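The values are calculated or read from the model by the stated rules, or taken from the named source; none is laboratory data. Quantities reported herein were computed from a predicted structural model and do not represent experimental measurements. A quick note on method: Cβ atoms are made from the backbone with ideal geometry, for glycine too, and the neighbour counts reach across all protein chains shown.
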Amino acid sequence: MNIDFPPPSKGTYNNAGSSRKLCNYCEHEDMERMEQGIYTEGFFNLTDDNIYKSQVVKDIDSNIGQLLKTDAKFYAIHVSPSEKELRAMGNTEQEQAEAMKRYIREVVIPEYARNFNKGLSAEDIKFYGKIHFSRDRSNNELNMHCHLIVSRKDQSNKKKLSPLTNHKNTKKGTVKGGFDRKNLFQQAEQGFDKLFGYKRELIESFEYYNTMKNGSISEQLNMQERQISNERKNTDMQTGLYADKQGEPNENKVAYKQDDNLSNDIENKQSFNLPDLGLSSALGLLTPDANKEEEQIPVKKRIKKKPKRGFRQS
């Protein structure tokens, strides 16, 4: 997720005067899309959709109490998801646009308010958003992003709020509170992941990008080691899952073969023992009482006759 604050300029992003130029720019792709009959999005804020440009200009330009002529009256913010993040936000442009508005309302603006360290909430921020679906000089298939116009003053038109200040959580001096942009980027990224159930890889995180751009040599080396370690883990997990899927049928085949062999062994043993039963055993099973009677009849002992004494006549 890329969030940035375009620096004020003398052109479109000139924030010392009216917001009309920036609002006009935000509508530049609408006419072309409407002529082609393609879905478009109007301006939106924390609670409402399809807000007219005239109302946006009026609200931003009138919320400038106690600001000098050369002071910034508003700030521009770009919120640009990657193609991978956009796919996690929806399948169609309309789904992605609705998801973007939800993300701005539930994550970006609340975190923006908290980072001033002045006890502010999303309801205290006066802002308007406009979604664009294309981007010049980009070869990406998906390019949806959002332009935010945020008033310099809060909703009450009393507190000055500058996200471009270099003060961070200050309690003394002219600027109290300050603004921590790094913390905003990290919290907005974590909020996106939680809101859409997005599993972010290290290489696409703000931590990785910021370290590789602004970190010391040792910090960059440590980050690269973490990246390599994570890639190895992912590869090992994928290899393990593939091996499990490939091995499962073989294991089942072995199990089935073992079951079949066991069944065959049992059948062979049973068929081998059947002839030993004989016909008499089968009849004995049918006539158990007869067998009992035979067991109860005593068997008479055979008495040998003594030979007569004397000479045996031939």
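Let's see how each residue does on (1) outside the structural domain of Glu106 (by TED's automatic domain parsing); (2) out of contact with any Lys or Arg (no Cβ under 8 Å at 6 or more places or on another chain); (3) not basic (Lys, Arg):
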residue: His147; (1), (2), (3): no, no, yes
residue: Val150; (1), (2), (3): no, no, yes
residue: Lys160; (1), (2), (3): no, no, no
residue: Phe196; (1), (2), (3): no, yes, yes
residue: Asn222; (1), (2), (3): yes, yes, yes
residue: Glu225; (1), (2), (3): yes, yes, yes
Test: Thr40 is farther than 23 Å from Ser156 by Cβ and β-branched (Val, Ile, Thr): yes
Any hit, the stretch 174-187, residues being of a type in the set (A, V, I, L, M), in the same structural domain as Ala76 (by TED's automatic domain parsing) and touching a helix residue (DSSP H, G or I) at 6+ places or on another chain (Cβ under 9 Å): yes
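Please verify whether the stretch 203-224 includes one or more residues that are under 22 Å from the mean Cα position of the chain (by Cα) and in a loop (DSSP other than H, G, I, E, B).
Yes, some residue in the stretch 203-224 is under 22 Å from the mean Cα position of the chain (by Cα) and in a loop (DSSP other than H, G, I, E, B).
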Selection count, the stretch 130-152, where residues are out of contact with any Gly (no Cβ under 6 Å at 6 or more places or on another chain) and surrounded by 16 or more Cβ atoms within 10 Å (Cβ to Cβ): 13
Residue match in the stretch 114-121 (condition: over 30 Å from His167 (Cβ atoms) and outside any strand (DSSP E or B)): no
Test: residue in the stretch 25-37 that is over 15 Å from Met144 (Cβ atoms) and surrounded by 17 or more Cβ atoms within 10 Å (Cβ to Cβ): no
Among the residues listed as Ile149, Ile131, the single one being over 29 Å from the mean Cα position of the chain (by Cα) and not in a loop (DSSP other than H, G, I, E, B): Ile149
Candidates Ile131, Ile149 - the one that is in contact with an Asp or Glu (Cβ under 8 Å, 6 or more places away or on another chain) and modelled with pLDDT of 95 or more: Ile131
Sole residue being more than 23 Å from Asp180 (Cα to Cα) and aromatic (Phe, Trp, Tyr), chosen from Tyr75, Tyr52, Tyr103: Tyr52
Residue in the stretch 84-104 that is farthest from the chain's Cα centre (by Cα), counting only those that are part of a helix (DSSP H, G or I) and surrounded by fewer than 17 Cβ atoms within 10 Å (Cβ to Cβ): Gln94
Per-region count, the stretch 105-128, residues over 26 Å from the mean Cα position of the chain (by Cα) and hydroxyl-bearing (Ser, Thr, Tyr): 2
Yes/no for Gly215 being surrounded by fewer than 17 Cβ atoms within 10 Å (Cβ to Cβ) and either out of contact with any Phe, Trp or Tyr (no Cβ under 9 Å at 6 or more places or on another chain) or closer than 30 Å to Asn24 by Cβ (or both): yes
Residue match in the stretch 15-29 (condition: within 15 Å of His132 (Cβ to Cβ) and acidic (Asp, Glu)): yes
Enumeration of residues in the stretch 11-24 that are among the basic types (Lys, Arg) and either more than 14 Å from His147 (Cα to Cα) or in contact with a helix residue (DSSP H, G or I) (Cβ under 7 Å, 6 or more places away or on another chain) (or both): Arg20
Verdict on Ile60 being crowded, with 18+ Cβ neighbours inside 10 Å, more than 34 Å from the chain's Cα centre (by Cα), part of a helix (DSSP H, G or I) and assigned by TED's automatic domain parsing to the domain that holds Ile38: yes
Count of the stretch 21-57 residues which are part of a helix (DSSP H, G or I) and touching an Asp or Glu at 6+ places or on another chain (Cβ under 8 Å): 1
Number of positions in the stretch 198-215 that are under 13 Å from Asn2 (Cβ atoms) and among the basic types (Lys, Arg): 1
Of the criteria (1) buried (at least 16 other Cβ atoms within 10 Å of the Cβ); (2) over 25 Å from Lys182 (Cα atoms), which one Phe127 fails: (2)
Filtered residue count, the stretch 50-75, keeping only those that are touching a residue at least 40 places away in the same chain (Cβ under 8 Å) and of a type in the set (Gly, Ala, Ser): 2
